[in-house]
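Scroll down for the structure; my scribbles are underneath it.
The values are calculated or read from the model by the stated rules, or taken from the named source; none is laboratory data. No experiment lies behind these values; they were computed from the predicted model shown. Positions of Cβ are generated from backbone atoms using ideal geometry, with glycine treated the same way; all protein chains shown enter the neighbour counts.
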Amino acid sequence: MKPTDVFEEQVKRELRNLVPAGDFLKELRSSLEEFRRDHPDCTLEDIIEQFGRPEDVAREYIESTGANEPEKIAGQKRLRNIIIVLLAVAVVAVGIYLYDRYMETHQGGATDVLIIYDEEPVDDKAE
Amino acid sequence: MAKKGKDSIDIDLYNIDNFTAQYKRSTIPLIVLRLLHEKEMYAYEIIQETTKRSGGIYKMPLLYNILNKFKEQGYIEESRKEVTDDNRVRVYYSITDAGKAYFRQLQETYTELTEAVAGIVFDGAEGRSK
């Protein structure tokens with residue numbers, strides 16, 4: 001694996017899909033390719049010396065998108081909480097519905113017929 | 001990580017790296033606008049030109065963030081695109097009038113602060129030690 005590929009992979013790993021980074025990664029690849037053309041025998045250390053450590057490159061990009069600003073984080077947390085509550089309500093509603101259906105089905109099958117006579121039946125043999 | 005300084009005192013290299021990173025963060029906009037003031041360039045060309053003119057001392061990091069920010073602020077614009085032999089697309093940037101005005105302001109501030117700091121750090125220290 002080429003050192004430029006290793007560097008790119010490390011940056012991708014550091015980004016952890018936290019923010020959309022298609023254009024950024026395209027520009028990164030382009031600059032890395034240009035660097036490799038200038039320095040065909042470059043090592044990973046040479047790349048780090050020029051562009052910085054992969055974790056710093058990724059962190060600076062994430063910071064530039066504003067994804068780690070307090071308001072955005074708070075907004076994301078609020079949205080996450082709303083989704084969790086909605087999911088919980090949906091799960092409870094489905095649970096109640098399924099329980100009702102279960103009870104309906106099983107009670108119908110197990111119902112005994114109880115016949116109540118107003119008068120005692122006449123015993124023919126006793127006569 | 002630490003190394004021995006001139007006076008055999010341990011120097012924390014992390015602090016030095018941090019200082020370098022912060023210095024670059026402050027001066028990259030100035031350099032980018034200066035170079036684009038001369039002619040349109042693509043991102044890696046700016047990196048190459050900076051390394052060349054600084055005698056290899058100033059290693060410029062990726063310029064994606066700063067170029068995007070300047071584009072949003074209207075200081076630079078995409079002037080053209082070029083497809084290389086290996087099918088990569090080079091986006092050329094040029095400076096706008098707003099970018100030129102911003103550059104002049106940055107240049108003035110930088111000169112003022114640099115002279116003031118140099119006056120304290122170098123002349124001042126020498127003057128006191130004499």
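Side notes on the structure shown:
- Consider segment B:75-91 and keep the residues that are touching a Ser or Thr at 6+ places or on another chain (Cβ under 8 Å) and among the hydrophobic types (A, V, I, L, M, F, W, C). The one that is farthest from B:Arg34 (Cα to Cα) is B:Val89.
- Meets criteria (at pLDDT 85 or above, in contact with a helix residue (DSSP H, G or I) (Cβ under 6 Å, 6 or more places away or on another chain), surrounded by 10 or more Cβ atoms within 10 Å (Cβ to Cβ) and in a helix (DSSP H, G or I)) for A:Ala90: no
- Index of the failed condition, B:Leu113 passing every other in (1) at pLDDT 95 or above; (2) of a type in the set (A, V, I, L, M); (3) touching a strand residue (DSSP E or B) at 6+ places or on another chain (Cβ under 9 Å): (3)
- Scan of segment B:19-29 for residues that are loosely packed, with under 15 Cβ neighbours inside 10 Å and either in contact (Cβ under 8 Å) with a residue 40 or more places away in the chain or more than 11 Å from every other protein chain (Cβ to nearest Cβ) (or both), ordered by number: B:Phe19, B:Gln22, B:Tyr23, B:Ser26
- Exactly one residue among A:Asn68, A:Asn17, A:Asn81 is at pLDDT below 90, under 21 Å from the mean Cα position of the chain (by Cα) and loosely packed, with under 10 Cβ neighbours inside 10 Å, and that residue is A:Asn17.
- Each residue in segment B:68-82 was checked for being crowded, with 21+ Cβ neighbours inside 10 Å and either within 19 Å of A:Val11 (Cα to Cα) or of a type outside the set (A, V, I, L, M, F, W, C) (or both), and 1 of them qualify.
- Within segment B:73-84, the residues that satisfy the criterion of being of a type outside the set (A, V, I, L, M, F, W, C) and closer than 12 Å to B:Ala98 by Cβ are B:Gln73, B:Gly74, B:Tyr75, B:Glu77.
- Among (1) modelled with pLDDT of 90 or more; (2) within 14 Å of chain A (Cβ to nearest Cβ); (3) more than 17 Å from B:Lys24 (Cα to Cα); (4) exposed (fewer than 13 other Cβ atoms within 10 Å of the Cβ) - the single one B:Val91 does not satisfy: (4)
- Residue check, A:Asn17 more than 8 Å from every other protein chain (Cβ to nearest Cβ), without any contact (Cβ under 8 Å) to a residue 40 or more places away in the chain and part of a loop (DSSP other than H, G, I, E, B): yes
- Flag if B:Glu49 is touching a Lys or Arg at 6+ places or on another chain (Cβ under 8 Å) and not aromatic (Phe, Trp, Tyr): no
- For segment A:46-64, residues that are within 32 Å of the chain's Cα centre (by Cα) and more than 9 Å from chain B (Cβ to nearest Cβ) total 6.
- Answer from A:Glu55, A:Glu60 - the residue that is of a type outside the set (Ser, Thr, Tyr), modelled with pLDDT under 90 and in the same structural domain as A:Gln10 (by TED's automatic domain parsing): A:Glu60
- Whenever a residue of segment B:81-101 is within 14 Å of B:Asn68 (Cα to Cα), its partners that are part of a strand (DSSP E or B) and of a type in the set (A, V, I, L, M), lying with C-beta atoms within less than 6 angstrom and at least six residues away or across chains, give the pairs B:Tyr93/B:Ile76; B:Ile95/B:Ile76; B:Gly99/B:Ile76.
- Selection count where residues are farther than 14 Å from B:Pro29 by Cβ and at the interface with chain A (Cβ under 7 Å from one of its Cβ atoms), scope segment B:49-61: 1
- Yes/no for B:Ile76 being more than 20 Å from A:Leu25 (Cα to Cα), more than 9 Å from chain A (Cβ to nearest Cβ) and within 14 Å of the chain's Cα centre (by Cα): no
- Qualifying residue in segment A:38-59 (condition: touching a Ser or Thr at 6+ places or on another chain (Cβ under 7 Å) and surrounded by 15 or more Cβ atoms within 10 Å (Cβ to Cβ)): yes
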